[in-house]
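Next up is a structure, given as structure tokens.
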Amino acid sequence: GEPVAIPLVGGWAGRGADGTGYYNPRTAWFHLRNRLSAGPSTRAFAFGPPGMVPLAGNWDGRGGTGVGYYDPATGTFYLRNYLSRGPAADTFKFGPPGMVPLAGDWTGSGRTGIGYYNPATGWFHLRSQLSAGPARYVFKFGPGGMKPLVGRWKGGRADDVGFYNPGTGWFHLRDHLSAGPASEEFRFGPRGMVPLAGDWAGA
């Protein structure tokens, strides 16, 4: 990828294991690769205007990962079911502007929902439906100013949350969508990195 790239993780091939990708905020292009190795993009396309925050999720529940973006100026989500240029399938506002957007299957239904993390407070707000409305789960986990994560830490059907502390390089993961202590805590890599979570082996 490029130095300005924002990393992404998703099951681009629809075969279980996740691959990586990146979004260029200057050009609004998504560059996605199915293999966990250096090499060219498997898919590359523009979606939305420059300067957005990218997302990846199984929005329609059909097995493949689609992409989306969040407009931090308005708090609006734009989600597309296909890995190609085209219009959004779902467009809606959720939460106030300026949040950190999240995508995860909070209920284990097979369909990705959305959410947001408030970096000023450390609160998570998660919604299962792809529409405006109230959050289904609202809780605080960790201090403010962290980098939130979404993943299946215990191998269950539903996604959980966590956070990465860029000041220390520690990961703090919780296997319940509620306030409480971390289920797993460890340090990995140097401080100040951008954290990722994915099912690399398709287990």
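To keep it simple, each residue is scored yes or no on (1) out of contact with any Phe, Trp or Tyr (no Cβ under 6 Å at 6 or more places or on another chain); (2) open to solvent by 10 Å² or more (accessible area, probe 1.4 Å).
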position	(1), (2)
1	no, yes
7	no, yes
20	yes, yes
23	no, no
29	yes, yes
32	no, no
46	no, yes
90	yes, yes
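Would you check which residues across region 102-116 are part of a loop (DSSP other than H, G, I, E, B), over 13 Å from residue 138 (Cα atoms) and open to solvent by less than 20 Å² (accessible area, probe 1.4 Å) and list them? Break it down stepwise before answering.
Here is the first cut: in region 102-116, the residues part of a loop (DSSP other than H, G, I, E, B) are 105-112.
Restricting the remaining residues to those that are over 13 Å from residue 138 (Cα atoms) gives 105, 107-112.
Of everything in region 102-116, those that are part of a loop (DSSP other than H, G, I, E, B), over 13 Å from residue 138 (Cα atoms) and open to solvent by less than 20 Å² (accessible area, probe 1.4 Å) turn out to be 105, 108, 112.
Could you go through region 42-60 and let me know if any residue there is among the aromatic types (Phe, Trp, Tyr), free of Cβ contacts under 8 Å to residues at least 60 places away in the same chain and assigned to a loop (DSSP other than H, G, I, E, B).
In the first step, residues of region 42-60 are kept if they are among the aromatic types (Phe, Trp, Tyr); the result is 45, 47, 59.
In the following step, the residues that additionally are free of Cβ contacts under 8 Å to residues at least 60 places away in the same chain were identified as 45, 47.
Subset that is assigned to a loop (DSSP other than H, G, I, E, B): 47.
Within region 42-60, one or more residues are among the aromatic types (Phe, Trp, Tyr), free of Cβ contacts under 8 Å to residues at least 60 places away in the same chain and assigned to a loop (DSSP other than H, G, I, E, B).
If you go through region 116-153 one residue at a time, how many are under 28 Å from residue 167 (Cα atoms), free of Cβ contacts under 8 Å to residues at least 24 places away in the same chain and out of contact with any Gly (no Cβ under 6 Å at 6 or more places or on another chain)?
Qualifying residue count for the region: 2.
Another one. Just for region 121-138: of the residues that are small (Gly, Ala, Ser) and more than 16 Å from residue 149 (Cα to Cα), which one is most open to solvent (accessible area, probe 1.4 Å)? Before you say what the answer is, go through the steps one by one.
Within region 121-138, the first condition is being small (Gly, Ala, Ser), and the residues that meet it are 122, 128, 131-133, 135.
Now narrow it down to the ones that are more than 16 Å from residue 149 (Cα to Cα): 128, 131-133, 135.
Values: 128: 26, 131: 41, 132: 64, 133: 36, 135: 34 Å².
Result: 132.
Cβ contacts < 9 Å: first residue under 12 Å from residue 197 (Cβ atoms), restricted to region 156-185; second residue surrounded by fewer than 15 Cβ atoms within 10 Å (Cβ to Cβ) and hydroxyl-bearing (Ser, Thr, Tyr), any location; separation 6+ or different chain. Result?
Partner pairs satisfying both residue conditions: 160/183; 162/183; 173/183.
Return yes when residue 142 is open to solvent by less than 40 Å² (accessible area, probe 1.4 Å) and farther than 25 Å from residue 22 by Cβ and no when it is not.
The answer is yes for residue 142.
Within region 78-93, how many residues turn out to be touching a Leu at 6+ places or on another chain (Cβ under 9 Å) and assigned to a loop (DSSP other than H, G, I, E, B)?
3
The values are calculated or read from the model by the stated rules, or taken from the named source; none is laboratory data. Note that the structure is a prediction, hence the values are computed from the model and not measured. Ideal geometry is used to build each Cβ from the backbone, glycine not excepted, and the neighbour counts take in all protein chains shown. Quick note on the areas: whole protein, heavy atoms, side chains included, nothing else; ligands and nucleic acids left out. Shrake-Rupley method; radii C 1.70, N 1.55, O 1.52, S 1.80 Å.
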